[in-house]
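The values are calculated or read from the model by the stated rules, or taken from the named source; none is laboratory data. Just so it is clear, the model here is predicted, and its values are computed rather than measured. FYI the Cβ positions are ideal-geometry reconstructions off the backbone, even for glycines, and counts take in every protein chain you see. SASA here: full protein model, heavy atoms, side chains in, ligands and nucleic acids out. Shrake-Rupley method; radii C 1.70, N 1.55, O 1.52, S 1.80 Å.
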Amino acid sequence: MERNAPAAAPRFETVDLLRGLSILAVVLLHCWIRFAGNGIRVGTGLSRWWRHLLLQNGGNGVTVFFAISGFLITLTSLRRFVGLEHMRPGLFYRIRFARIAPLLLLTLAVLSLLHWGSLHSAAFEAWHVKKTVGLPRALLSALTFHLNWLEAETGYLPANWDVMWSLSVEEMFYLFFPLVCVAFLGMRSPVRRAGWALLFSLAGALLVLGPWARSVWITTEIGQEKSYLGGMNAIAMGCLAALWCNRRSRSGRVSRAPLYAVEAVGWALIAWIATWPPWHWLRSAGQFLAKHDLDDTVLPLGVCMVMVASVLRGTRGGGLLTAPVRWFGRHSYEVYLSHEFVVIVGVTAFLRWHGTHPGLWALVLTALTAPLGWAIARWFSEPMNRRSRGARPLGRGISGRLVTDGV
């Protein structure tokens, strides 16, 4: 087991669907921002409702990623270690490093070269920040997972750097996750129940502190958007959902009929937060949630309901209609870290060639992130992942990859 660390669960296609929708939302938002920064409005022919749904849900997409991450990593850990009480931090860190580190280091190397080449898309001097941020400081923040804190102090970093803020939140959570499991649950059976109580209390505290950090404690807009507690709120919810899902699955008493209702309510909550419907009573409720930053709690709740119900039902999660979206979900990490290269180059080409129809151009750029993400996964991140974990090389293709993380 120490030498070979295979994945602990097959792919869940409904989860891939959620991830695919999320990464597409992130890419479309960044296209919209990049065009808007150059004075070009995207989606002018759409109603305000559709424009918000299609182009302005990237932040919600990241929140969905957090919930999925907590769910998958907890569920795979439960199965890999036969319970969190048997967690082995060394193996957990090695598997996490194998998935995250290779592509992160490659991205940082490319950005460093671009910075030294003084290309404006990566050079800090081309961006308005409150304080001077040099390359060494940015590299340190990315490698020690506090880039979100750095941006809260200095302002947004260049786009290719900015996307790494969510990794800071996730990896700081997973730095402590196995240690907390060992500290609270790695004890003799009579005392373990108290450890579980402590674990649930800590998760509950994160659920409460998330909205408070986003609306009260932190006063700056960037700080609220990218705070540790704000993101860990959704991750903790995913962890609790995985624990409940695992317990129900092991009990063998799973009734499929109520699960359909649970999944339907989950999708309804996701749709509500993504669209903010125009009906008065829903709009008033939405405004209340937004005022207290509870929308980022309702959204992961809906995501967790969908994941739990679909996993317990053993659903396949869709057919040909959703296959392209699920493909993006399977390659979400590679697309997430690489898509800004495509967006920046594409918008620059649009401006230079005096292009028309920016909305169509944004869709084309979104599609072009797919071959880049696939190439990175096929020839770099997946081979490095398996090599670092001590697994055997893959055969042809990677479409059948197992779930190894929550990214």
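Laid out as a table, the results:
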quantity: Some residue of the stretch 348-358 being among the aliphatic types (A, V, I, L, M), closer than 19 Å to L46 by Cβ and out of contact with any Pro (no Cβ under 6 Å at 6 or more places or on another chain); calculated: no
quantity: Complete set of residues in the stretch 150-202 that are among the charged types (D, E, K, R) and closer than 15 Å to A236 by Cα; calculated: E170, E171
quantity: Given (1) closer than 17 Å to I235 by Cβ; (2) open to solvent by less than 60 Å² (accessible area, probe 1.4 Å); (3) in contact (Cβ under 8 Å) with a residue 24 or more places away in the chain, number of the condition A205 does not satisfy; calculated: (3)
quantity: Some residue of the stretch 139-160 being touching a Gly at 6+ places or on another chain (Cβ under 7 Å), at pLDDT below 95 and not charged (D, E, K, R); calculated: yes
quantity: Selection status of V345, open to solvent by 30 Å² or more (accessible area, probe 1.4 Å), more than 30 Å from E382 (Cα to Cα) and either in a helix (DSSP H, G or I) or at pLDDT below 95 (or both); calculated: no
quantity: Options L103, L53, L114: the member that is modelled with pLDDT of 90 or more, under 24 Å from Y333 (Cβ atoms) and not small (G, A, S); calculated: L103
quantity: Pairs, first of a type in the set (G, A, S) in the stretch 143-156, second surrounded by 16 or more Cβ atoms within 10 Å (Cβ to Cβ) and not in a helix (DSSP H, G or I), C-beta under 8 Å, six or more apart; calculated: A152/I218; A152/S227; G155/W127; G155/V129
quantity: V180 closer than 22 Å to L111 by Cβ and open to solvent by less than 60 Å² (accessible area, probe 1.4 Å); calculated: no
quantity: Options G329, G319: the member that is open to solvent by 30 Å² or more (accessible area, probe 1.4 Å), farther than 25 Å from Q224 by Cα and small (G, A, S); calculated: G319
quantity: Residues that are over 25 Å from G43 (Cα atoms) and of a type outside the set (A, V, I, L, M, F, W, C), drawn from the stretch 359-387; calculated: G373, R378, S381, E382, P383, N385, R386, R387
quantity: Count of the stretch 239-273 residues which are in a helix (DSSP H, G or I) and either open to solvent by 30 Å² or more (accessible area, probe 1.4 Å) or in contact with a strand residue (DSSP E or B) (Cβ under 8 Å, 6 or more places away or on another chain) (or both); calculated: 20
quantity: Residue in the stretch 187-199 that is within 27 Å of G83 (Cβ to Cβ), aliphatic (A, V, I, L, M) and not in a helix (DSSP H, G or I) present; calculated: yes
quantity: Per-region count, the stretch 348-397, residues of a type in the set (D, E, K, R), modelled with pLDDT under 95 and open to solvent by 40 Å² or more (accessible area, probe 1.4 Å); calculated: 5
quantity: Of residues in the stretch 9-33 being open to solvent by 30 Å² or more (accessible area, probe 1.4 Å) and at pLDDT below 95, the one farthest from the chain's Cα centre (by Cα); calculated: P10
